[in-house]
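The values are calculated or read from the model by the stated rules, or taken from the named source; none is laboratory data. Worth saying up front: this structure is predicted, and the values here are computed from it rather than measured. Virtual Cβ from ideal backbone geometry, glycine too; neighbours counted across all protein chains shown.
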Amino acid sequence: MINVLNREIPNQLDEITIEQFETITEINNNQELDPIDKHLKVFAYLGIPESEFWDYDVADFIGVVKDFNKLEQKEHPTVEELELEGFTYKAQMKLTVRDTKMIEKVALHKEKGYISEMLAIMFKREDLTAAEHYADAHIKYKAKLIRKLTANVAVPYLIFIAEKISQQVKNDTSTQAVE
Amino acid sequence: MIQVPKQWSDVTVEQFIEFNGIAKDQGAYYYNSEALSILADEPIEIIEDLDVDELTELIKENSWCVSEPSKKYKHELLGMKFKPFNKLTLYEYIDLDYYFINNYIGNLTNICAICYRQTRVNEWGEEIMEPYDFDCTLRADKFLDLPITDVYGILQEFIKYRDNFLKNYENLFSGELDEDLTDEERQEMDPEEIKEIEKEQSLAKWSWEQTIYSLTKGDITKSNKVGALPLIYVFNILSMKKELDI
């Protein structure tokens, strides 16, 4: 947490929720906003209205932004089991082709909320069939629950997915159109 | 154990058509898993259950499918013979042209059904080909199980022939059919201009029908006779008519 204008706002991965992380990422990816606007929007989202910065010194604002962006160097242990609304969901550092295809689809087509959906694909209930697990409504429901967890849960999985995808890009053997 | 073909000659025409139809905008994993399912002839569910590393490994091992199949083709297949393009009739060419313009891979078996023909020896001891009075779509399925390398080269050969043909008779072709005018384009043009473009588009749309109609002098009962004439002969006559303005 950092203190900004006498208010505590979360800035570490184990303090912000996945939902907050997704929204902050979305703001940061908005090409129409300049860096100052982006940070004003982020702070507003976390509870400090833009108007409170109007009389703020620019140099001080830059200092606040720097503090906000400073992530503590710490390990994020892999959480392999989640208890959500009475059900246990398990994940492994393992992806089937189907998982990867769905993750790819989410990454390609979903601008917001893709982190929670990626995790929803990886975390599975052992009592459900594959058809039930991969059902769109089930994934969306689970993603909604996962969004409330802290972002540090997502980190090891995001790193794992990124590694897998970069491996694919490196091999890049996807077949080209034969025209 | 998933068995993947080792080369294009192990892939059937049906597999190749399916392979070529895989959507290319759904991501690399989607593409690769579909490709593997088609080439290995395994249900997609089997491929989807693989570990993603296994898929990556299989795709790496089968990078041969990134290249095109050989551009050769067989001159005899299924007891039929390949009809040289310079011997095509008008109707054969019109149908081939249509299939090429409208997804030539998807229409590959229809193209084959036009190109490969039954033959017999006539009373003079000469080999003659069956006339084009059959429905090629009914014969198309015969080619599905053949190796793609038996027929793939036809495509390039026809494209080359078509380019050359269009060049030789360019004075008879009024150009490609343009897209319809947009509302914005219409607003910027005067009504006469719009009328002229629409007339050209209409002429281009009906160009083959118009050619036949003109050759039969409007007697559509003679269409099949004109359609069975050699393509080159028809176009030479059309060129002559145009040059002499008759």
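Miscellaneous remarks
- Tally, over segment A:116-151, of residues that are closer than 19 Å to A:T25 by Cα and modelled with pLDDT under 95: 0
- Scanning segment B:8-33 for residues that are more than 10 Å from chain A (Cβ to nearest Cβ) and under 27 Å from A:I161 (Cα atoms) gives a single hit, B:A23.
- Close contacts from segment A:93-111, counting a first residue that is at the interface with another protein chain (Cβ under 7 Å from one of its Cβ atoms) and a second that is part of a strand (DSSP E or B) and of a type outside the set (K, R), with Cβ to Cβ under 9 Å and a gap of 6+ residues or different chains, come to A:K94/B:D51; A:L95/B:D51; A:T96/B:D51; A:V97/B:D51.
- Residue match in segment B:56-78 (condition: under 22 Å from the mean Cα position of the chain (by Cα), of a type in the set (D, E, K, R), more than 30 Å from A:I161 (Cβ to Cβ) and at pLDDT 95 or above): yes
- Within segment B:11-85, helices (runs of 4 or more DSSP H) holding 2 or more residues that are touching a residue at least 24 places away in the same chain (Cβ under 8 Å), in contact with a strand residue (DSSP E or B) (Cβ under 9 Å, 6 or more places away or on another chain) and surrounded by fewer than 15 Cβ atoms within 10 Å (Cβ to Cβ): none
- Residues (without any contact (Cβ under 8 Å) to a residue 24 or more places away in the chain and either β-branched (V, I, T) or part of a loop (DSSP other than H, G, I, E, B) (or both)) located in segment A:31-55: A:Q31, A:E32, A:L33, A:D34, A:P49, A:W54, A:D55
- Conditions (1) facing chain A (nearest Cβ under 8 Å); (2) more than 25 Å from A:E104 (Cα to Cα): number failed by B:S70: (1)
- Search result, residues across segment A:112-147 that are more than 14 Å from chain B (Cβ to nearest Cβ) and more than 15 Å from A:Y89 (Cα to Cα): A:K112, A:G113, A:I115, A:A135, A:D136, A:A137
- Some residue of segment A:148-162 being farther than 22 Å from A:E15 by Cβ, of a type outside the set (F, W, Y), assigned to a loop (DSSP other than H, G, I, E, B) and not assigned by TED's automatic domain parsing to the domain that holds A:I18: no
- Test: residue in segment B:208-215 that is under 30 Å from B:L77 (Cβ atoms), in contact with a helix residue (DSSP H, G or I) (Cβ under 9 Å, 6 or more places away or on another chain), surrounded by 11 or more Cβ atoms within 10 Å (Cβ to Cβ) and modelled with pLDDT under 90: yes
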